[in-house]
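Right, one structure below, let's go through it.
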Amino acid sequence: MSIETLMVECQTEISRIKESQCRLHRHIRWISMLRLVLFLTALLSICFYIAGQKTPLLPAISVVGFMLFLALVKYHTRLFAHYSYDEIRLSVCRGDLAHLSEDYSGQRDGKEYVNTGHDYAHDIDLYGQNSLFQMINRTCSDVGSHRLSDLLGKPLTEAKAIRERQQLLQKMTTNGEFLTRFRVEMLTAAAEDYRTNGNKGDETLLLLDNPGWDAWATQPDSFAGKWIYRLLIPLSACINLLVWGAVIGGMASYSQALLVTVMFATVASIFTTHITRKQQEFSYRLRTLSLIAPAIGLVEQISVFNLTDASASSAIRRLHKLMDVLDRRNNVLLLFLLNGLFFWEIYQMIRLEEWKRTYATHIPSWMDALAQADAYTSMALFARHHPDYTWPEVKDTRFIYQATSLSHPLMKRGTCVANPIEIIGNPFFLVITGANMAGKSTYLRTISVNYLLACVGLPVCGEGMTFTPARLLTSLRTADSLSNGESYFFAELKRMKLIIDSLKAGERLFIVLDEILRGTNSVDKQKGSLALLKQLIHLQANGIIATHDLLLGTLADHYPTHIRNHCFEADIQNNQLTFPYRLRPGIAQNMNACFLMQQMGIGNGEW
């Protein structure tokens with residue numbers, strides 16, 4: 001399926017939703033008018049009857065009018081809910097259309113996850129404005145966003161795990177309706193949470209990040225765990241049965257039987273206040289679970305994530321029924337009678353606490369499954385909205401990173417020049433030389449970003465990619481730290497030590513370095529760079545190093561099977577500087593710093 005086809009699908013769905021909303025708006029307007037007519041008719045009927053018009057038809061009209069009015073109120077509420085649902089679905093489809101048009105500005109950028117000490121995040125713009133995270137993120141909950149950040153910040157290093165995640169995402173990618181409905185249900189729950197509680201539900205669903213579930217699950221039972229309450233129910237029922245049976249048999253009077261029932265009802269009233277508190281507690285939990293129940297049902301249907309052995313949606317439906325039954329205690333006369341017959345309130349609380357015993361410990365896993373689905377939905381949408389991307393082949397043999405062409409996913413389609421990469425075996429390094437602005441740094445970020453996408457199970461922006469998973473470690477944009485009193489050079493050394501220590505510990509790394517040791521003088525830089533690359537070769541490492549230092553390219557003469565030189569040239573023709581941005585074999589020959597300074601009038605013409 002092409003991008004153009006996906007865009008047409010989005011536009012068609014947007015048009016359908018708008019037509020549906022127009023119809024709903026007309027229905028709502030007519031229902032509003034009809035409600036007003038019915039209410040006024042019923043009200044006038046009562047007024048005429050009170051005023052002296054004793055026609056029996058007037059009370060009938062009043063009763064029927066008010067009944068129809070209440071029925072239309074309920075129908076009106078359903079229409080508004082449908083309209084709100086369509087509004088959220090419309091916003092989701094518009095977001096998809098923007099995503100397909102490479103406009104990611106409406107998404108959260110993950111700036112709260114920025115960490116300059118991360119293995120690669122700071123170097124490749126993983127978080128922040130116009131970042132890879134912003135490009136991928138379509139999550140509907142805070143915990144979903146956190147989970148997505150973890151998935152992108154902690155790539156897989158086992159080939160089997162990557163293949164399994166690829167299969168999962170490929171399965172989700174083919175089900176566009178699920179990807180849309182899941183987000184709509186999550187955002188609908190968020191909007192309802194915002195409406196009722198004032199939580200930040202207009203942006204994300206906060207209900208999943210509720211630390212109270214574990215504590216609630218471990219709270220001791222008030223009734224179900226105590227034998228005395230379990231004994232009271234059958235005991236009171238048997239005594240009432242015997243007494244009222246005696247009344248029927250003529251061996252006891254009605255007053256005696258009624259006294260027994262009233263006595264039990266009076267004893268039961270002692271627990272009413274406590275039961276009311278428990279009911280409120282369960283009602284809050286039920287309201288929370290009811291909001292996410294549709295999304296849970298979708299996750300169960302798609303059979304992608306295992307919620308638990310217990311069916312979450314059926315458990316929530318059962319809690320609904322139990323709470324509906326308990327709500328009958330609002331009828332005081334009925335409550336008094338039922339409590340007098342067999343301690344009905346305590347019986348209902350025992351049933352609720354038994355539900356809690358069975359399912360409460362599963363609720364955190366339900367929330368976790370939704371957070372996981374939220375994160376994976378974003379990843380699946382990324383794959384679905386980039387049908388031109390390639391699912392890479394993952395190997396678990398010796399190190400390989402090979403692709404016929406790779407582009408940077410954050411660059412606009414058609415503007416980025418694709419380049420190949422080939423690293424096979426241990427140790428092996430590409431040394432990239434080239435002029436300023438020729439494309440070295442962009443190439444390193446392109447290679448790093450696509451390697452990350454592959455290691456988290458996503459398709460890559462390129463063709464013909466095969467790779468072996470390893471820990472990605474980069475040093476492209478080392479930052480100093482004024483708060484810690486660290487200079488730029490010391491920060492570089494710390495990153496180099498991390499790489500060396502990890503290799504000595506036996507970790508398999510893919511290393512990407514840009515202009516290392518730039519924080520010192522040229523002589524030190526040259527010596528240090530040569531020594532570092534030799535040590536990396538000795539430690540059986542793999543990676544890429546970009547440098548302006550052409551001497552580093554001479555190491556290929558000493559390690560012809562472990563080092564290969566490539567370059568990005570700046571071509572100067574007819575006093576014009578051009579950048580083809582094409583990776584070429586060999587060491588760069590043209591440098592452009594002096595040319596550019598001369599063109600800009602810097603240096604007083606001393607060239």
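The values are calculated or read from the model by the stated rules, or taken from the named source; none is laboratory data. As the structure is a prediction and not an experimental result, all values here were calculated from the model. Cβ: placed from backbone, ideal geometry, glycine included. Neighbour counts: every protein chain shown.
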Original post:
Across region 127-150, what is the number of residues that are among the hydroxyl-bearing types (S, T, Y) and under 8 Å from the mean Cα position of the chain (by Cα)?
Top reply: 3
Original post:
Which pairs have Cβ atoms under 6 Å, sit 6 or more apart or on different chains, and link a residue in region 423-448 that is within 15 Å of R584 (Cβ to Cβ) to one that is hydroxyl-bearing (S, T, Y) and surrounded by fewer than 23 Cβ atoms within 10 Å (Cβ to Cβ)?
Top reply: G439/Y581
**OP:** Determine whether region 25-39 contains at least one residue that is surrounded by fewer than 11 Cβ atoms within 10 Å (Cβ to Cβ), among the basic types (K, R) and modelled with pLDDT of 85 or more.
**Re:** yes
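Would you say E354 is at negative phi and touching an Asp or Glu at 6+ places or on another chain (Cβ under 9 Å)? Before you say what the answer is, go through the steps one by one.
Numbers: at negative phi: yes; touching an Asp or Glu at 6+ places or on another chain (Cβ under 9 Å): yes.
The answer is yes for E354.
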**OP:** Please state which of the following conditions E87 fails to meet, knowing it meets all the rest: (1) modelled with pLDDT of 90 or more; (2) touching a helix residue (DSSP H, G or I) at 6+ places or on another chain (Cβ under 9 Å); (3) of a type outside the set (A, V, I, L, M); (4) within 23 Å of M367 (Cα to Cα).
**Re:** (4)
Original post:
Hey, S145 hits all of (1) modelled with pLDDT of 85 or more; (2) in contact with a Ser or Thr (Cβ under 9 Å, 6 or more places away or on another chain); (3) surrounded by 13 or more Cβ atoms within 10 Å (Cβ to Cβ); (4) closer than 30 Å to E492 by Cβ but one; which does it fall short on?
Top reply: (4)
**OP:** Return the residue satisfying two criteria in turn: it lies in region 148-173 and is touching a helix residue (DSSP H, G or I) at 6+ places or on another chain (Cβ under 8 Å) and in a loop (DSSP other than H, G, I, E, B), and of such residues it is surrounded by the fewest Cβ atoms within 10 Å (Cβ to Cβ).
**Re:** T157
Subject >> A252 vs. criteria of a type in the set (A, V, I, L, M) and in a helix (DSSP H, G or I) >> reply: no
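At least 3 residues that are surrounded by 13 or more Cβ atoms within 10 Å (Cβ to Cβ) and modelled with pLDDT of 80 or more in each: list the strands (runs of 3 or more DSSP E) lying fully within region 501-607 that qualify. It would help to see each step written out before you state the result.
Working: elements: 509-514, 542-547, 563-568, 571-573, 576-578, 583-585.
Qualifying strands (runs of 3 or more DSSP E): 509-514, 542-547, 563-568.
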Original post:
Does D214 qualify as being in contact with an Asp or Glu (Cβ under 6 Å, 6 or more places away or on another chain), at pLDDT below 80 and surrounded by fewer than 18 Cβ atoms within 10 Å (Cβ to Cβ)?
Top reply: no
Subject >> Matching residues in region 91-118 - criterion: being crowded, with 21+ Cβ neighbours inside 10 Å and outside any helix (DSSP H, G or I) >> reply: Y104, G110
Original post:
Residues in region 48-69 that are loosely packed, with under 12 Cβ neighbours inside 10 Å and either in the same structural domain as R183 (by TED's automatic domain parsing) or in a helix (DSSP H, G or I) (or both): how many?
Top reply: 3
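Can you tell me which of Q535, Q540 is in the same structural domain as N450 (by TED's automatic domain parsing), polar (S, T, N, Q), under 20 Å from R508 (Cβ atoms) and touching a residue at least 40 places away in the same chain (Cβ under 8 Å)?
On the way: Q535 fails: touching a residue at least 40 places away in the same chain (Cβ under 8 Å).
Answer to the check: Q540.
Please find, within region 368-426, the residue that is farthest from the chain's Cα centre (by Cα) out of those that are of a type in the set (V, I, T) and closer than 25 Å to K160 by Cβ.
So in region 368-426, the residues of a type in the set (V, I, T) come out as 377, 390, 394, 397, 400, 404, 415, 417, 421, 423-424.
Restricting the remaining residues to those that are closer than 25 Å to K160 by Cβ gives 377, 390, 394, 397, 400, 421, 423-424.
Values: T377: 7, T390: 23, V394: 25, T397: 33, I400: 32, I421: 32, I423: 34, I424: 36 Å.
The residue in question is I424.
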Subject >> region 155-170: number of residues that are over 10 Å from V394 (Cβ atoms) and among the hydrophobic types (A, V, I, L, M, F, W, C) >> reply: 2
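Let's see how each residue does on (1) under 27 Å from R147 (Cβ atoms); (2) crowded, with 23+ Cβ neighbours inside 10 Å; (3) modelled with pLDDT under 90:
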position	(1), (2), (3)
Q348	no, no, yes
E354	no, no, yes
R357	no, no, yes
S365	yes, no, yes
Q372	yes, no, no
A380	yes, yes, no
W391	yes, no, no
I400	no, no, no
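Residue-by-condition table, conditions (1) surrounded by 14 or more Cβ atoms within 10 Å (Cβ to Cβ); (2) of a type in the set (D, E); (3) in contact with a strand residue (DSSP E or B) (Cβ under 9 Å, 6 or more places away or on another chain):
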site: D221; (1), (2), (3): yes, yes, no
site: A224; (1), (2), (3): yes, no, no
site: A237; (1), (2), (3): yes, no, no
site: V243; (1), (2), (3): yes, no, no
site: F264; (1), (2), (3): yes, no, no
site: A268; (1), (2), (3): yes, no, no
site: K278; (1), (2), (3): yes, no, no
site: I292; (1), (2), (3): yes, no, yes
